[in-house]
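To start, the structure itself, in structure tokens.
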Amino acid sequence: MSVNTFGRVLKFTTWGESHGPALGVVLDGCPPGLKLDENTIQPFLDARKPGTSIFTTQRREADEVKILSGTFEGQTTGTPISMMIENTDQRSKDYGEIAKAYRPGHADYAYDAKYGIRDYRGGGRSSARETAARVAAGAVARLIIPEVTILAYVSEIGGDAVDPANFDAGQISQNPFWCPDRAAAKRWEKLVDGARKDGSSLGAVVECVATGVPAGWGAPIYGKLDADLAAGMMSINAVKGVEIGEGMNAARLRGEENADEMRPGEEGNPEFLANHAGGIAGGISTGQPVVCRVAFKPTSSILIKRQSINSDGEAVDIQTKGRHDPCVGIRGTPVVEAMMALVLADHKMLHRAQVG
């Protein structure tokens, strides 16, 4: 069984491959009456699309979205919203040499072991190209949660992290790294370009903060908001780790340090003195900012030769040609925002369904 659908009330199903004619998404459960057209979605896809700088893959895709169903006269109708993005700059010939060889770190062997067949052209469904469909769905999800503001940024590349003291949200859109620290962005230029020229790649950490999430979204035990966030972020290709709030560092704190103390606040709401929990306690939002960090591994497709085997079990040395991101986490930033929006919108609708 292949699972290509995510969500409970607001469900989305992505389809298509990296080197197929198109890819897309069907979003079901969207409320009617929301203003929606291609211009609503396109800016988010433009932020994710390849070829925007020397620090991303040089594949040239316009990533123009077409809404095929679910709207009438510029509004959602409540029926499934189907969206398509055409692939226009495939170079499948770049992958001919690895048709029978498995790229280390990639999903080649795992796909072959499961299905007995794999699309070697760019990795098929395992390609980061699949995330364009998620970004389109995420743009629609944002319309369901207008009270929430979502901001993601790259906080670390290749082990070099931003300085929290230098955080400036205005810098995020001013550099090709989605970086809130001007000094770090300058360092990353040399770091990422050096990896690119070496034919290698670097990993990255993307942090995402959602403000305006009211208290009460989520559910105990099996419908936890943080569990669904973790599942959504981990479903992004190339993601290998997710932290909510303090994350792994919580294990290094004492109880009094980790506790988010409270004092009386305005309108009967508590004033929190810290946010180690990342805005979620017991699986339910607290009203504080929801904070999530996502770790992207280095791009597996690199020019440096590595040892592997082919489908006949023979030893081979493999070098992946083609156009690849020297740091895929950079373009992962809009994808993380999209998944945050999709999970929060789903939980808003779940909350309304249960408690009105």
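The values are calculated or read from the model by the stated rules, or taken from the named source; none is laboratory data. Values in this document were obtained by computation on a predicted structure and should not be read as measured data. Backbone-built Cβ (ideal geometry, glycine too); neighbour counts: all protein chains shown. Calculation scope for accessible area: heavy atoms of the full protein, side chains included, ligands and nucleic acids excluded. Shrake-Rupley method; radii C 1.70, N 1.55, O 1.52, S 1.80 Å.
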Quiz item: Taking Cα atoms, how many degrees apart are the long axis of helix 131-144 and the longest axis of the chain, rounded to 10 and kept between 0 and 90?
Solution: 20 degrees
Practice problem: Ignoring everything but the protein chains, give the 1.4 Å probe accessible area of Glu261 in square angstrom, nearest 10. | Solution: 110 Å²
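So for region 97-231, what percent of the C-alpha to C-alpha distances run longer than 20 Å? Write out the running numbers ahead of the final one.
On the way: 5910 of 9045 pairs.
Tail of P(r) above 20 Å: 65 percent of Cα pairs.
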Quiz item: If you plug each phi of region 70-84 into the Karplus form 6.51 cos²θ - 1.76 cosθ + 1.60 with θ = phi - 60°, what whole-Hz ³J(HN,Hα) values come out, in order, with x for Gly and Pro?
Solution: x, 9, 8, 6, x, 10, 5, 9, x, 9, x, 9, 9, 10, 10
Practice problem: Can you tell me which of 346-353, 38-45 comes out highest on packing, and rank the rest after it, using the mean Cβ neighbours within 10 Å? | Solution: 346-353, 38-45
Quiz prompt | Sequence of Arg121, Arg293, Arg8, Arg252 when ordered by accessible area, the most exposed leading, probe 1.4 angstrom | solution = Arg252, Arg8, Arg121, Arg293
Self-check item: Residue-normalised accessible area of region 208-356, expressed per residue, 1.4 Å probe, Å²
Solution: 48 Å²
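Over region 71-160, average the accessible area per residue using a 1.4 Å probe and give it in Å², no decimals.
Working: 3900 Å² over 90 residues.
With all protein chains present, region 71-160 gives 43 Å² per residue.
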Self-check item: Prolate/oblate/rounded call for region 311-356, Cα gyration tensor, a/c under 1.5 rounded
Solution: oblate
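Using a 1.4 Å probe on the protein chains only, how many percent of the accessible area of region 292-338 belongs to carbon and sulfur? Please report the intermediate quantities before stating the final value.
On the way: 940 of 1920 Å².
Taking all protein chains in place, region 292-338 shows 49 percent carbon and sulfur surface.
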Quiz item: What FRET efficiency do you get for Gln354 and Asp112 if R0 is 45 Å and r is their Cβ-Cβ distance, rounded to the nearest 0.05?
Solution: 0.55
Quiz item: So, with +1 on the Cβ of K and R and -1 on the Cβ of D and E, and no other charges, what is the size of the charge dipole of region 222-336 about its Cα centre, to the nearest 20 debye?
Solution: 740 debye
Practice problem: Taking H placed 1.01 Å from N in the peptide plane, check which residues at least 5 places from His19 or on another chain put their amide H under 5 Å from its amide H. | Solution: Gly124
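Under the Kirkwood approximation applied to all pairs of distinct alpha-carbon atoms, what is the hydrodynamic radius of region 277-356 in Å? Don't jump to the answer; show the numbers that get you there.
Values: mean 1/r = 0.0600 Å⁻¹.
Computed over region 277-356, the radius equals 16.7 Å.
Plugging the Kirkwood radius over Cα pairs into Stokes-Einstein for region 218-356, at a temperature of 4 °C and a viscosity of 1.567 mPa s, what D comes out in µm²/s? Spell out each step's value before the answer.
Values: Rh = 18.0 Å.
Stokes-Einstein gives a translational diffusion coefficient of 72 µm²/s.
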Quiz item: Roughly what angle does helix 225-234 make with the longest principal axis of the chain, taking Cα atoms, 0 to 90 degrees, to the nearest 10?
Solution: 10 degrees
Quiz prompt | Positive-end residue, the chain charge dipole about Cα centroid, Cβ charges, pick of Leu229, Thr5, Asn249 | solution = Thr5
Quiz item: In the chain, what is the volume of the convex hull around the alpha carbon atoms, normalised per residue and reported in Å³?
Solution: 155 Å³
Quiz item: What are the ³J(HN,Hα) values, in whole Hz, obtained from phi via the Karplus relation 6.51 cos²θ - 1.76 cosθ + 1.60 with θ = phi - 60°, for each residue of region 328-343 in sequence order, with x given for Gly and Pro?
Solution: 5, x, 4, 7, x, 4, x, 6, 4, 4, 4, 5, 4, 5, 5, 5
Quiz prompt | Accessible-area composition of region 179-244, carbon plus sulfur, in percent [1.4 Å probe] | solution = 56 percent
Quiz item: Farthest toward the dipole's positive end in the chain, which of Val316, Gly199, Ala113, given Cβ charges of +1 (Lys, Arg) and -1 (Asp, Glu) about the Cα centre?
Solution: Val316
Exercise. Report the normalised scattering of region 174-274 as log10 I(q)/I(0) at q = 0.10, 0.19, 0.21, 0.24 Å⁻¹, calculated by the Debye formula with identical scatterers on the alpha carbons.
Key: -0.48, -1.21, -1.28, -1.36
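For region 114-154, what is one quarter of the convex hull surface built on the Cα atoms, given in nm²?
Numbers: hull surface 18.9 nm².
Convex hull of Cα atoms, orientation-averaged projection: 4.7 nm².
Rounded to the nearest 20 Debye, what is the dipole magnitude of the chain about its Cα centre when Lys and Arg each give +1 and Asp and Glu each give -1 at the C-beta? Provide the component values of the computation, followed by the final result.
Working: 39 positive and 44 negative charges, 208 e Å.
In debye, rounded to 20, the chain gives about 1000.
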Self-check item: 222 nm mean residue ellipticity, helices alone, for the chain (DSSP H n ≥ 4; -39,500 (n - 2.57); rounded to 500)
Solution: -7500 deg cm²/dmol
